[in-house]
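Visitor: If you scroll down you'll find the structure; I have some questions about it.
The values are calculated or read from the model by the stated rules, or taken from the named source; none is laboratory data. Because the structure is a prediction, the values reported are computed rather than measured. Don't worry about glycine lacking a Cβ; one is built from the backbone with ideal geometry, like all the others, and counts go over all protein chains shown.
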Amino acid sequence: MKLLILVGLLCLSFAQHNPHFRHERTAIVHLFEWRWADIAAECERFLGPKGFGGVQISPPNEHIVLDSPWRPWWQRYQPISYNLCSRSGSEDEFKDMVTRCNNVGVNIYVDAVINHMCGTSGGAGNHSSCGSWFNAGNEEFPSVPYSSLDFNDKKCLTGSGGIENYSEIFQVRDCRLVSLLDLALEKDYVRGKVAAYMNMMIDLGVAGFRVDACKHMWPGDLDNVYGRLHNLNTTWFPSDSKPFIYQEVIDLGGEAISSSEYFQLGRVTEFKYGAKLGNVFRKWHGEKLFYTRNWGEGWDFMSDGNAVVFIDNHDNQRGHGAGGASIITFWDSRLHKMAVGYMLAHPYGVARVMSSYRWDRHFVNGKDQNDWMGPPSNGNGSTKPVPVNPDQTCGDGWVCEHRWRQITNMVIFRNVVKGQPHSNWWDNQSNQVAFGRGNRGFIVFNNDDWDLDVTLNTGLPSGTYCDIISGQKEGNGCTGKQINVGDGGRAHFKISNRDEDPFVAVHVESKL
Ligand code: 5J7
Ligand code: CA
C-alpha cells in the first residue's frame with residue numbers, strides 16, 4: 001500500500017516531464033520568431049514528414065513594440081496582455097497553426113513569459129503589438145487586467161527596486177529583472193490570470209510550455225500555477241495527459257539558486273550541456289572528445305529524466321546569457337552540425353534543435369553591437385515570411401538549421417534508435433570517438449587534425465548502410481558514403497579530417 005502511494009506520488013509529480021511526443025518522435029525545434037502561418041506550413045510540408053516531435057514557438061501573447069525602427073527580438077519578452085496577438089500573428093492564425101501542426105503529429109510548446117510584464121519605462125511613446133493601452137509607469141495593464149496591486153514592489157527590498165545581487169535569492173525572485181515589472185505570483189488573482197492564459201492555449205491544443213525566467217519565480221508559486229492547468233486536449237492527446245513543462249533556469253553552478261529546486265515541477269533546461277560540448281568540439285581548456293565517454297550525468301549534469309538539452313538557444317547564440325564564447329551556433333556551421341549530431345545521437349535528455357535567423361554581426365571589443373536585432377522584417381516592421389528555395393533551404397535571412405540535411409537526418413536517427421542504450425563506445429584517446437545505440441544505429445566522429453581509419457564493432461545487423469551525413473538513402477540508392485557491416489557487426493570507417501562533415505552515421509532504416 002505504501003509502495004502504491006509512493007508510485008502514485010511519483011507519477012503525479014513527474015507527469016509534467018513527459019513531452020507527449022506522438023508516433024515515437026523525439027526532438028523539438030525552436031522556430032525562433034517565426035510567424036504562425038509559416039509554422040503551420042512548415043509542420044505540414046517538412047516537420048511532420050521528417051518526424052519532428054514538436055515546435056517551441058516564440059511568446060504568443062501581446063507584447064511591447066519598441067520601434068523607430070529598432071524592434072529588438074527581446075521586445076517579445078515584455079508582455080502587455082495575454083491576448084494572442086503578437087509579431088508572429090493573430091489569434092486565428094495561432095489556432096490554425098495549433099490545429100494543423102497537431103493534425104500532422106507535431107506538438108506545439110509555448111514560450112510562457114509569466115515572471116513580469118514590460119519594463120518600467122514602457123508606455124512613454126511605446127505601443128503594443130495589438131494596440132492595447134497600458135501605462136508601465138503606473139503599472140496599469142487593463143487588457144489583463146493588472147494594476148499596481150499585482151506587482152512585487154513592496155516585497156522587493158533593494159534600493160533600486162531591481163535585482164542588484166544574484167546571491168540574494170529574495171532579490172532574484174521578488175525584485176525587477178532589468179527593470180521588468182515583477183508580477184506578484186503569490187497572489188491568487190495573479191496565479192489565476194496566468195493559469196487562465198495557459199489553459200486557454202491548452203484547450204486550443206498546445207502540448208506544453210517552455211517557462212521563461214524560472215530562476216526569478218518561487219518554485220511554490222509555480223507549483224500552484226501548474227496545479228491549476230487543464231489536461232491536454234483529447235482531440236489529439238490521451239486523456240489525463242498533463243502539459244509538458246520545461247523551465248528555463250540558467251544554472252552553470254555557483255549561483256544561489258539551483259536548477260534542482262525546480263525538478264519536481266517539470267523538466268529544466270540544462271545550460272551546462274551546450275557550454276561544455278562547445279568547449280569539447282572547440283578543443284578549448286584542454287577538452288577532448290574522448291572525455292565524453294561518460295557524457296550526461298557523468299559530467300555533473302542533472303538527471304536524464306529532468307533535462308532538456310540544446311547546443312545553443314535564442315539567447316546564448318548571440319553572446320547573451322549562459323555559456324559565453326564556447327557556445328557553437330550556425331555561424332560555426334561545421335562544428336554546429338557535429339555538436340547537434342552528437343546531441344541527437346546521445347540518449348541523454350529531451351533534445352531541442354535551434355532554428356535561427358541571420359543578423360548583421362558587428363563586433364567591437366568582442367561584443368556584438370547588433371545582438372538585439374529582430375527577425376528579417378519588411379519596411380513597416382512586420383516579420384517577413386520564410387520562403388523555401390528549390391534546394392529546400394530557406395531564404396530572406398532565415399537560417400533553418402533544422403533543414404540542414406545532416407541535422408534533419410540526425411533527428412530521424414534519434415527516432416529510429418529511441419529507447420536503445422548507449423553502446424559499443426570506441427575512442428582513440430583523442431578527438432575520434434564512436435558509439436552506437438543498441439543494434440539500431442551507430443555514429444563515428446573525427447574531430448582530430450588527422451584521418452580516421454579504423455574497423456569497429458557497430459552492434460548492427462550485417463549489410464550495406466547509407467551514411468546519412470554525407471548523403472542519404474533515396475529509393476534503393478545512396479547519395480552519400482556506403483558502410484559495409486560484416487557478420488559480427490564489424491565495419492570499416494575512413495573519415496578525413498578535411499571532409500566537409502567529418503562524421504558518419506548509419507541506422508537500420510538507412511540500410512540499403
Ligand atoms: C535572466 C537570468 O537569470 C540569467 O541568468 C540571464 O543570463 C539572463 C536573464 C534575462 O532574462 C530575461 C527574460 C525575459 O523574459 C526578458 C528579459 O529582458 C530578460 C533579460 O534581460 C535577462 O538578462 C539579460 O541578459 C543577461 C546576460 C544580462 O546579464 C542581463 O543584464 C540582461 O541584459 C539586459 O538585456 C541589458 O542589461 C539591458 O540593457 C537590455 O535592455 C536587455 C535586453 O533584453 C535581453 O537581453 C533579454 C534576454 C532574455 C534572456 C532569456 O534567457 C530569455 O529567456 C529571454 C530574454
Ligand atoms: Ca519575480
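Visitor: Does residue 366 qualify as being modelled with pLDDT under 95, buried (at least 23 other Cβ atoms within 10 Å of the Cβ) and within 16 Å of ligand 1 (Cβ to nearest atom)?
Guide: no
Visitor: Which of (1) touching a His at 6+ places or on another chain (Cβ under 9 Å); (2) within 16 Å of ligand 2 (Cβ to nearest atom) does residue 221 not meet, given it meets every other one?
Guide: Every listed condition holds for residue 221 apart from (1).
Visitor: Moving on. When the residues of segment 91-129 are filtered to those that are under 30 Å from residue 221 (Cα atoms) and without any contact (Cβ under 8 Å) to a residue 40 or more places away in the chain, which remaining residue is farthest from ligand 2 (Cβ to nearest atom)?
Guide: 91
Visitor: So, residue 163, is that one of a type in the set (Val, Ile, Thr) and within 20 Å of residue 55 (Cα to Cα) or not?
Guide: Spelling it out, it is not the case that residue 163 is of a type in the set (Val, Ile, Thr) and within 20 Å of residue 55 (Cα to Cα).
Visitor: If I filter segment 130-142 for residues that are modelled with pLDDT of 95 or more and within 15 Å of ligand 1 (Cβ to nearest atom), do I get at least one hit?
Guide: yes
Visitor: Also, I was wondering about something else. Spot the failing condition for residue 166; the list is (1) more than 15 Å from ligand 2 (Cβ to nearest atom); (2) assigned to a loop (DSSP other than H, G, I, E, B); (3) surrounded by fewer than 18 Cβ atoms within 10 Å (Cβ to Cβ); (4) in contact (Cβ under 8 Å) with a residue 40 or more places away in the chain, and only one is missed.
Guide: Result: residue 166 fails condition (1) only.
Visitor: Being touching a Ser or Thr at 6+ places or on another chain (Cβ under 6 Å) and in a helix (DSSP H, G or I) is the filter here, so list the residues in segment 301-324 that pass it.
Guide: 317
Visitor: All but one of (1) buried (at least 18 other Cβ atoms within 10 Å of the Cβ); (2) not in a helix (DSSP H, G or I) hold for residue 337; state the number of the condition that does not hold.
Guide: (2) is the only condition that residue 337 fails.
Visitor: Here is a follow-up. Run down 371, 360 and say which single residue is surrounded by 16 or more Cβ atoms within 10 Å (Cβ to Cβ), assigned to a loop (DSSP other than H, G, I, E, B) and of a type outside the set (Ser, Thr, Tyr).
Guide: Within the list 371, 360, the selection yields 371.
Visitor: Of all residues in segment 178-189, how many are within 16 Å of ligand 1 (Cβ to nearest atom) and outside any loop (DSSP other than H, G, I, E, B)?
Guide: 4
Visitor: Of all the residues that make up segment 70-88, how many are touching a residue at least 60 places away in the same chain (Cβ under 8 Å) and assigned to a loop (DSSP other than H, G, I, E, B)?
Guide: The total comes to 11.
Visitor: Take segment 340-357 and flag every residue that is more than 14 Å from the chain's Cα centre (by Cα) and not in a strand (DSSP E or B).
Guide: Matches in segment 340-357: 341, 342, 345, 346, 347, 348.
Visitor: Hey, could you check segment 130-148 for residues that are part of a loop (DSSP other than H, G, I, E, B) and surrounded by fewer than 16 Cβ atoms within 10 Å (Cβ to Cβ) and say which is farthest from ligand 2 (Cβ to nearest atom)?
Guide: 131
Visitor: When the residues of segment 106-129 are narrowed to those that are touching a His at 6+ places or on another chain (Cβ under 9 Å) and in a loop (DSSP other than H, G, I, E, B), which ends up nearest to ligand 1 (Cβ to nearest atom)?
Guide: Of everything passing the filter in segment 106-129, 113 is nearest to ligand 1 (Cβ to nearest atom).
Okay, residues lined up against (1) away from ligand 2 (no atom under 16 Å from the Cβ); (2) within 20 Å of residue 327 (Cα to Cα); (3) of a type outside the set (Asp, Glu):
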residue	(1), (2), (3)
243	yes, no, yes
251	yes, yes, no
258	yes, no, yes
266	yes, no, yes
285	yes, yes, yes
289	yes, yes, yes
299	yes, yes, yes
313	yes, yes, yes
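Visitor: Please enumerate the residues belonging to segment 169-190 that are within 11 Å of ligand 2 (Cβ to nearest atom), over 26 Å from the mean Cα position of the chain (by Cα) and of a type in the set (D, E, K, R).
Guide: Within segment 169-190, 174, 186 qualify.
Visitor: Report, ordered by the first and then the second residue, all pairs with beta carbons closer than 6 Å, sequence separation of six or more or different chains, a first member in segment 320-340 that is of a type in the set (D, E, K, R), and a second member that is not in a helix (DSSP H, G or I).
Guide: Hits for this filter: 337/501.
Visitor: If you check residue 100 against the conditions, is it at pLDDT 95 or above, surrounded by fewer than 23 Cβ atoms within 10 Å (Cβ to Cβ) and touching a Cys at 6+ places or on another chain (Cβ under 7 Å)?
Guide: yes
Visitor: While we're here: Tell me, please, whether a residue that is among the basic types (Lys, Arg), over 30 Å from residue 22 (Cα atoms) and not in a loop (DSSP other than H, G, I, E, B) can be found in segment 149-158.
Guide: Within segment 149-158, one or more residues are among the basic types (Lys, Arg), over 30 Å from residue 22 (Cα atoms) and not in a loop (DSSP other than H, G, I, E, B).
Visitor: So for segment 214-223 (the condition being farther than 25 Å from residue 76 by Cβ, away from ligand 1 (no atom under 16 Å from the Cβ) and within 20 Å of the chain's Cα centre (by Cα)), does at least one residue qualify?
Guide: Checked against the condition, which is being farther than 25 Å from residue 76 by Cβ, away from ligand 1 (no atom under 16 Å from the Cβ) and within 20 Å of the chain's Cα centre (by Cα), segment 214-223 yields no hits at all.
Visitor: In segment 1-53, how many residues are at positive phi and modelled with pLDDT of 95 or more?
Guide: Selection size over segment 1-53: 4.
Visitor: Also, quick follow-up: Look at segment 241-300 and say how many of its residues are aliphatic (A, V, I, L, M) and not in a helix (DSSP H, G or I).
Guide: Total satisfying the criteria: 7.
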